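I have placed the structure first, in the form of structure tokens, so that the comments after it can refer back to it.
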Amino acid sequence: MAKTRISLTVNGREVEELVEPRMLLIHFLREQLNLTGPHIGCETSHCGACTVDLDGKSVKSCTVFAVQANGADIVTIEGIAAADGTLHALQEGFREMHGLQCGFCTPGMITRGYRLLQENPNPSEEEIRVGISGNLCRCTGYQNIVKAIQYAAAKLAGATVQEAAE
Amino acid sequence: MNDTVLTPQQRTDQLEGIGCKRKRVEDVRFVQGKGNYVDDVKLPGMLYGDFVRSPYAHARVARIDTSKAEALPGVVAVLTAETLKTVNLAWMPTLAGDVQMVLADGKVLFQNQEVAFVVANDRYVAADAVELVEVEYEALPVNVDPLKAMTDAAPVIREDIKDKKEGAHGPRKHPNHIFSWQAGDKAAADAAFDNAEVTIKEFIPYPRVHPCPLETCQCVASFDKIKGELTLWGTFQAPHVIRTVASLISPLPEHKIHVIAPDIGGGFGNKVGAYPGYICAIVASIVTGLPVKWVEDRIENLSTTAFARDFFMTTELAATKDGRLTGLRCYTIADHGAFDACANATKWPAGLFSIISGSYDIPAAYCLVDGVYTNKAPGGVAYRCSFRVTEAAYAIERAMDIMAHKLGMDPAEFRMKNLIKAEQFPYTSAFGWQYDSGDYQTALKKAMETVGYTGLRAEQKAKQEAFKRGETRELMGIGVAFFTEIVGAGPSRACDILGIAMFDSAEIRIHPTGTGICRLGTKSQGQGHETTYAQIIATELGLAADGITVEEGNTDTAPYGLGTYGSRSTPVSGAATAMACRKIKAKAQMIAAYMLEVHDDDVEFDIDRFRVKGNPERFKTMKEIAWAAYHEVPPGMEPGLEAVNYYDPPNMTYPFGAYISVVDIDVDTGETKVRRFYALDDCGTRINPMIIEGQIHGGLTEAFAIAMGQEIHYDDDGNVTSASFLDYFLPTAVETPKWETDWTTTPSPHHPIGAKGVGESPNVGGVPCFSNAVNDAFAFLGASHISMPHDHWRTWEAAEKLGLHA
């Protein structure tokens, strides 16, 4: 199948690649760029394991074609930590509050939280629950994910962080 | 830091051993997207496999034409049953003693059954080629109703064995009959019912559901033709079992099969079995000489690999008028689908279902289970429980509520009266199980006090009156469940898989500098094994958990293990870990005594060191002893500090818990709000309270999903109508209730560290607790048993049947 040239920014790096027009963004990221952090859980936009940040919005990369990302600025879980390797407050929060178990939904969940906290830096518990409702988790029951996002919100706001997970 | 100035508590704390809320080791990679899951494995020249699947639930396969698919550029091979016959793999043996088609051989028996396997150099090309394989079907009559499976009119599902009168588990009484299995004393139970003052009998179905981990089943098979060796990466909860099965069904000797289970994205039972995708990927790699990856999509996952429950339990209880239980009977029809591929201990076709007497002192009990074939997917697994334990817990806990209602007793009071008493442990049930330990009354009392049970009942009473007066359209339901699990299979005298005894093992090596590695045959799928096994070692050996690497999922390096399911990791491998530590400790004691120039018996263990008895100033730390083990061992002693232990548990463990929930139901919409859910669990010794709480949260959320919405549903033509996330209920953060957790601690007397296992308890106890709450809301209106799932429609329907919408 004929390939199309696309150029985009991924985690701050300029990328230029040839892709089939039908290639999904998640496959482009995982297989062409070797960014295996975002995962595939359903291929129908329900589970959110493939969530990436595209031009300032959370998108499910299993239902976006790579060619649609031409010219876009994308952030994946691999681009969340600081350049020197310091973990983002969300990454720290998920570990501190036991917000993950098998880790499969975690990259999508953190990437969603990354955008959520920019949309709403001080969300209530209900706002967090609604804000992550496009991301499914089968292990945690969400309670500690909510705490992890609250932890990150507090830390990003410069507040002293509440007590750790049970 | 100078060790001598640390207090004993500080020395204990820095080990991060048993009881510590230690942060998880695995999280560091997971939060950075650096986990390594099967689909992340990428090998040079790797091909992709994809299945042609049957649109019919039951049909003859008249013709398969693969020529157009094979002609598509990029397609390397198309496997059919005819190809597999050349290597004798068109059918494979199942763990349950049956055989199963790998690819359709002559006919298909359930919708989405595997018909052909296309192999191409790209996953998109493979999907294209699937569409080009032409298959001609001749439709046959379909049966998806297990209650009709043994009637004269039912179509024969398994023509290959229709005349076989004897199955893997005894006589067969119909071509669609798989087995009859019974437990308990029928005569005694019948006598109890003949003499009973009060009896109840209820048909309690537990619908077909699916464990549905977020990562589907997948593998990469890579056959090295020169060495004649196969390396298989896969989503395997039991890697060694997969290796042995692969060797038994192929010409490959077991030492030339390397099975690797990397990070696994949730299992919940789905990843115990051996599926056609694995076999086809292996054969395709052998045929092509290249690595072959197979990854299920979500529809394939929900409709073909594994299912759970599908148990139809007619349950009876007998009691005295004052509420003392005297007998239990249960007759079950079990729908196993088209092949009996249930992943359970070989001798137990109905698993551990005879735990159905639950937490109660019932003098006489009997159960009978008939397994049947239908046109549904095979591969029954225990969705976050020991096999058939959650079905048993559901049946008894629903029956307890129904009996309480008939007796006019409060459900909690009725349970309290019949719970096995603390002084009765170890307790032998009417089915012969030896419950190891428990203090049930204390647990239930604590639960009732914490939630303010009496107040809740008073509030409910007032709301019922208000409802009757037409002042509210909301009903309040209180769910009570008290469960006892049976986990940690198992004693090898009772449990095996294909003849392999269900022991488990651990191998520990302590390095000269006092760090070490522990290797096991279990496999974490999110349970945090890398964190918790190290905590056991830290406490047992007095070496910091941070210095212990835990490695699982490599059959070449780990000692043989039976894998992780049925909450067996802590009860069995956790015990093996502790016992291996004790071997190391015994040697360390001799080395310490030698270094301190005293007799072996004159030193004693103290947190992180051996000290001279009566002279605590004279000691050698475990770190110093580790160095000495490689440097100056006593004369005649082998150098080194390592041990392996194969642990055959003397008994199962019996975790238990008391759960109470409160729901508010809008009778006009069926909407059910979970106001409160309180879970008290007793899992014996608690290794990591943070991880335990996380496991409880997750298990309760799965219980919520099962009770309130999940069902793998088939229409009469055998079309599976709930095989995507559009139709199969997975709760989001919005629907999921908030959980309150609590605990008591009753250690297991036979486990080296007293631990019982916990990950599955919330599923076992949670499902009946939700279902009892919904049923409880309607009970005062004279409702009969309302079946799961309690989605809005069914709950509205229950209200409709009661005439509440008139």
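The values are calculated or read from the model by the stated rules, or taken from the named source; none is laboratory data. Since this is a predicted model, take the numbers as computed values, not measurements. Positions of Cβ are generated from backbone atoms using ideal geometry, with glycine treated the same way; all protein chains shown enter the neighbour counts.
If a residue must be touching a helix residue (DSSP H, G or I) at 6+ places or on another chain (Cβ under 6 Å) and not β-branched (Val, Ile, Thr), how many such residues does the stretch B:779-788 contain?
Of the residues in that region, 3 qualify.
Restricting the first residue to the stretch B:278-293 and requiring it to be in the same structural domain as residue B:123 (by TED's automatic domain parsing) and modelled with pLDDT under 95, which pairs with a second residue that is buried (at least 22 other Cβ atoms within 10 Å of the Cβ) and assigned to a loop (DSSP other than H, G, I, E, B) meet a Cβ separation below 8 Å and a spacing of at least six or different chains?
Close Cβ pairs satisfying both conditions: none exist.
Go through the stretch B:692-701 residue by residue and tally those that are crowded, with 24+ Cβ neighbours inside 10 Å and more than 7 Å from every other protein chain (Cβ to nearest Cβ).
Qualifying residue count for the region: 3.
Being touching a His at 6+ places or on another chain (Cβ under 6 Å) and buried (at least 24 other Cβ atoms within 10 Å of the Cβ) is the filter here; which residues of the stretch B:556-585 pass it?
Result: B:561, B:575.
Quick one: is residue B:412 of a type outside the set (Phe, Trp, Tyr) and either within 29 Å of the chain's Cα centre (by Cα) or assigned to a loop (DSSP other than H, G, I, E, B) (or both)?
yes
On the basis of being under 30 Å from residue B:214 (Cα atoms) and β-branched (Val, Ile, Thr), does residue B:292 make the cut?
It is true that residue B:292 is under 30 Å from residue B:214 (Cα atoms) and β-branched (Val, Ile, Thr).
What is the one condition in (1) of a type in the set (Phe, Trp, Tyr); (2) over 17 Å from residue B:143 (Cα atoms); (3) crowded, with 24+ Cβ neighbours inside 10 Å that residue B:331 does not satisfy?
(3)
Let's see how each residue does on (1) more than 30 Å from residue A:106 (Cβ to Cβ); (2) in contact with a strand residue (DSSP E or B) (Cβ under 9 Å, 6 or more places away or on another chain):
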site: B:159; (1), (2): yes, yes
site: B:162; (1), (2): yes, no
site: B:174; (1), (2): yes, yes
site: B:213; (1), (2): no, no
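For the condition among the aliphatic types (A, V, I, L, M), away from every other protein chain (no Cβ under 13 Å) and without any contact (Cβ under 8 Å) to a residue 60 or more places away in the chain, what is the one hit in A:154, A:69, A:148?
A:154
Give B:326, B:320, B:315 a once-over and let me know the one that is crowded, with 24+ Cβ neighbours inside 10 Å, at pLDDT 95 or above and not assigned by TED's automatic domain parsing to the domain that holds residue B:721.
Of B:326, B:320, B:315, the one residue that is crowded, with 24+ Cβ neighbours inside 10 Å, at pLDDT 95 or above and not assigned by TED's automatic domain parsing to the domain that holds residue B:721 is B:315.
Say we look at the stretch A:72-92 and pick out the residues that are of a type in the set (A, V, I, L, M, F, W, C) and assigned to a helix (DSSP H, G or I); which of these is farthest from the other protein chains (Cβ to nearest Cβ)?
A:89
Being β-branched (Val, Ile, Thr), part of a helix (DSSP H, G or I) and modelled with pLDDT of 95 or more is true for just one of B:660, B:706. Which residue is that?
Matching residue, one of B:660, B:706: B:706.
Just checking, how many residues over the stretch A:2-17 are more than 17 Å from residue A:58 (Cα to Cα), within 14 Å of chain B (Cβ to nearest Cβ) and either of a type outside the set (A, V, I, L, M) or part of a strand (DSSP E or B) (or both)?
1
Which ranges mark the helices (runs of 4 or more DSSP H) fully within the stretch B:1-92 that have 1 or more residues being outside the structural domain of residue B:610 (by TED's automatic domain parsing), touching a residue at least 12 places away in the same chain (Cβ under 8 Å) and surrounded by 22 or more Cβ atoms within 10 Å (Cβ to Cβ)?
So the answer is B:67-71, B:81-85.
Can you go through B:192, B:187 and tell me which one is out of contact with any helix residue (DSSP H, G or I) (no Cβ under 9 Å at 6 or more places or on another chain) and more than 30 Å from residue B:408 (Cβ to Cβ)?
B:187
So which residues in the stretch B:714-759 are over 16 Å from residue B:303 (Cα atoms), aliphatic (A, V, I, L, M) and either in contact with a strand residue (DSSP E or B) (Cβ under 9 Å, 6 or more places away or on another chain) or not in a loop (DSSP other than H, G, I, E, B) (or both)?
B:753, B:755, B:758
Kindly indicate the residue of the stretch A:77-92 that is in contact (Cβ under 8 Å) with a residue 24 or more places away in the chain and farther than 21 Å from residue A:34 by Cα and also surrounded by the most Cβ atoms within 10 Å (Cβ to Cβ) among those meeting that condition.
Across the stretch A:77-92, the extreme among qualifying residues is A:90.
Condition check: hydroxyl-bearing (Ser, Thr, Tyr), modelled with pLDDT under 95 and either assigned to a helix (DSSP H, G or I) or under 25 Å from residue B:316 (Cβ atoms) (or both). Does residue B:354 satisfy that?
Criteria not met by residue B:354.
So, of the residues in the stretch A:128-144 that are more than 7 Å from chain B (Cβ to nearest Cβ) and touching a residue at least 40 places away in the same chain (Cβ under 8 Å), which turns out to be surrounded by the fewest Cβ atoms within 10 Å (Cβ to Cβ)?
A:134
Under the condition of being farther than 19 Å from residue A:40 by Cβ and within 8 Å of chain B (Cβ to nearest Cβ), which residue from the stretch A:93-127 is surrounded by the most Cβ atoms within 10 Å (Cβ to Cβ)?
A:94
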